[in-house]
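Single-structure report; data block below.
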Amino acid sequence: MAPVLVIATNRGISKIRGTEYKSPHGIPLDLLDRLMIVSTIPYEREEVYQILKVRCEEEDVEMADDALELLTRIGMETSLRYAMQMVISSSLVAEKRKSAEVEIEDIKRVYTLFVDVKRSTQFLMEYQKEFMYNELCNDDDDDEEEEIDDEESAEEEENKKENVEEKKPEQAMDES
């Protein structure tokens, strides 16, 4: 029985990890020759709507039609995964306000509480300088810093040796 390997990627021609070679999808050519490639296309609006509707049914969440339409729009603009996670969160918000049905205001509340990847990345880029470890390091910068550190360490070692050698004659005089 042969193993089944499923790989999902959206990489184009890119470097194979651990090597300097480039190949389609960043996958070694000998492995790529043995794969069956299945291309996919993004979901249409109606498909996202149906998937979210099924998710609501599975989670036992009653959702107003206009709220489901808003959630569908969010799913199209962000990701289906994010919209699906909003289903149960918005249900909890509706439950907190003692409503049996999720409405637009619940979806909006959850949207303000939990950010998607795009908004999170935008926030991080905007406030990057205020975070503790905000430097974006290049390999060249790291090499230069290591060279400087090595030079400083070598100088310190030489200074220590000189100080030790200078103290030896003084110690001999103090002892006599």
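The values are calculated or read from the model by the stated rules, or taken from the named source; none is laboratory data. No experiment lies behind these values; they were computed from the predicted model shown. A quick note on method: Cβ atoms are made from the backbone with ideal geometry, for glycine too, and the neighbour counts reach across all protein chains shown. Ligands, DNA and RNA are excluded from the accessible area calculation, which covers all protein heavy atoms including side chains. Shrake-Rupley method; radii C 1.70, N 1.55, O 1.52, S 1.80 Å.
Within the range 91-104, how many residues are free of Cβ contacts under 8 Å to residues at least 24 places away in the same chain, assigned to a loop (DSSP other than H, G, I, E, B) and surrounded by 12 or more Cβ atoms within 10 Å (Cβ to Cβ)? The qualifying residues number 1.
Screening the candidates ILE7, ILE107, ILE74, ILE88 for the property of being at pLDDT below 95 and outside any strand (DSSP E or B) yields one hit, ILE7. Scoring VAL110 on the criteria (1) surrounded by 15 or more Cβ atoms within 10 Å (Cβ to Cβ); (2) within 22 Å of GLU46 (Cβ to Cβ) leaves a single failure, condition (2). Considering every residue within the range 35-55, establish whether at least one is small (Gly, Ala, Ser) and open to solvent by less than 100 Å² (accessible area, probe 1.4 Å). So far as the range 35-55 goes, no, none of its residues is small (Gly, Ala, Ser) and open to solvent by less than 100 Å² (accessible area, probe 1.4 Å).
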